[in-house]
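The block underneath contains the structure these notes are about, expressed in structure tokens.
Throughout, read-outs are computed from the coordinates displayed, never taken from laboratory work. Being a predicted model, the structure only gives us computed values, none of them experimental. Every residue, glycine as well, gets a Cβ built from its backbone with ideal geometry; the counts of neighbours run over all protein chains shown.
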Amino acid sequence: MGEPHPVMSSAGTTMTLYEAIATRRDVRNEFRGDVIEEEVLLRLLRAAHAAPSVGHTRPWDFVVVRAPATLTRFAAHVAGCREDFARSLPPDRAETFGPIVIDGIEQSGTGIVVTYDPSRGGSHVLGRRTIDETGRLSVALAIENLWLAATAEGIGVGWVSFYHKAFLRELLSIPDDIEPIAWLCVGPVTQFRGVPDLEHFGWRAGRPLEAAVHRETYRTPSEAASGEQ
Ligand SMILES: Cc1cc2nc3c(=O)[nH]c(=O)nc-3n(C[C@H](O)[C@H](O)[C@H](O)COP(=O)(O)O)c2cc1C
């Protein structure tokens with residue numbers, strides 16, 4: 001089991017990119033309770049906005065949410081979605097899921113809702129004609145940029161996807177043609193844990209790199225011949 005990494009102070013300039021990649025964690029339990037400083041928040045948003053995007057469309061927007069009443073309403077909605085998921089599980093999985101926290105919406109003090117606008121770039125988006133999801137993939141890259149920059153700053157990020165898009169649209173006045181991609185809980189943390197919570201609580205072990213790397217073809221000739229996936 002890996003050791004937790006200490007939190008770097010503010011600008012985090014001593015953390016290399018590889019250190020930030022290795023330290024980054026999805027944070028739920030370790031928010032300190034104080035709110036991220038505005039200038040740090042702006043640095044994170046600048047990092048996100050520097051991400052690559054299909055056709056250079058920058059199809060994302062960021063809604064920064066701090067109002068306690070909004071955080072509370074969203075947290076209650078997410079708690080309901082968590083319960084729905086728990087009820088869908090067989091008993092052994094439900095027991096494993098029990099202690100797993102799936103958000104830090106109120107504890108982090110700041111939500112950054114990242115949205116996708118497919119109309120950015122007009123009707124001739126260079127690179128999106130044959131693969132429509134490249135727009136959403138661009139938004140995910142902005143999120144990863146923000147996540148790594150946050151790690152270098154000692155700021156935790158937790159991605160919440162236990163929600164219904166329609167609820168979030170209504171809550172934040174997001175138009176129907178704009179798609180919410182993520183609610184990110186963002187705030188100063190006490191530490192970054194050494195292993196993902198889902199590993200720690202026995203939900204799922206990490207898949208080793210060797211299993212993910214293929215050489216030359218996805219399937220070997222013998223796997224292809226036997227119809228293996
Ligand atoms: C698209 C996406 C959605 C996620 N949704 C949630 C979520 O709703 N709640 C949660 O606690 N974690 C969520 N996570 C975090 C993952 O559980 C986490 O990234 C994974 O367990 C690996 O842990 P690590 O990020 O600390 O390495 C999400 C991550 C991604 C990339």
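The residue list Arg120, Arg136, Arg82 contains one member that is touching a Lys or Arg at 6+ places or on another chain (Cβ under 7 Å) and surrounded by 14 or more Cβ atoms within 10 Å (Cβ to Cβ), which is Arg120.
Are there any helices (runs of 4 or more DSSP H) wholly within region 130-229 with 3 or more residues that are more than 11 Å from the ligand (Cβ to nearest atom) and within 27 Å of Thr70 (Cβ to Cβ), and if so which? Before you say what the answer is, go through the steps one by one.
Details: elements: 134-152, 165-172, 197-200, 209-212, 221-226.
Passing ranges, in order: 134-152, 165-172.
Of all the listed residues (Leu71, Leu17, Leu41), the sole one being in contact (Cβ under 8 Å) with a residue 40 or more places away in the chain, away from the ligand (no atom under 13 Å from the Cβ) and more than 26 Å from Asp117 (Cβ to Cβ) is Leu17.
Just for helices (runs of 4 or more DSSP H) wholly inside region 1-112: which have at least 2 residues that are of a type in the set (A, V, I, L, M, F, W, C)? So that I can check it myself, show each step before the final result.
On the way: elements: 17-23, 38-49, 68-87, 91-97, 105-108.
Counting at least 2 such residues, we get 17-23, 38-49, 68-87, 91-97.
Please determine whether any residue of region 78-92 is touching a residue at least 60 places away in the same chain (Cβ under 8 Å) and farther than 20 Å from Glu30 by Cβ. Yes; the residues of region 78-92 include at least one that is touching a residue at least 60 places away in the same chain (Cβ under 8 Å) and farther than 20 Å from Glu30 by Cβ.
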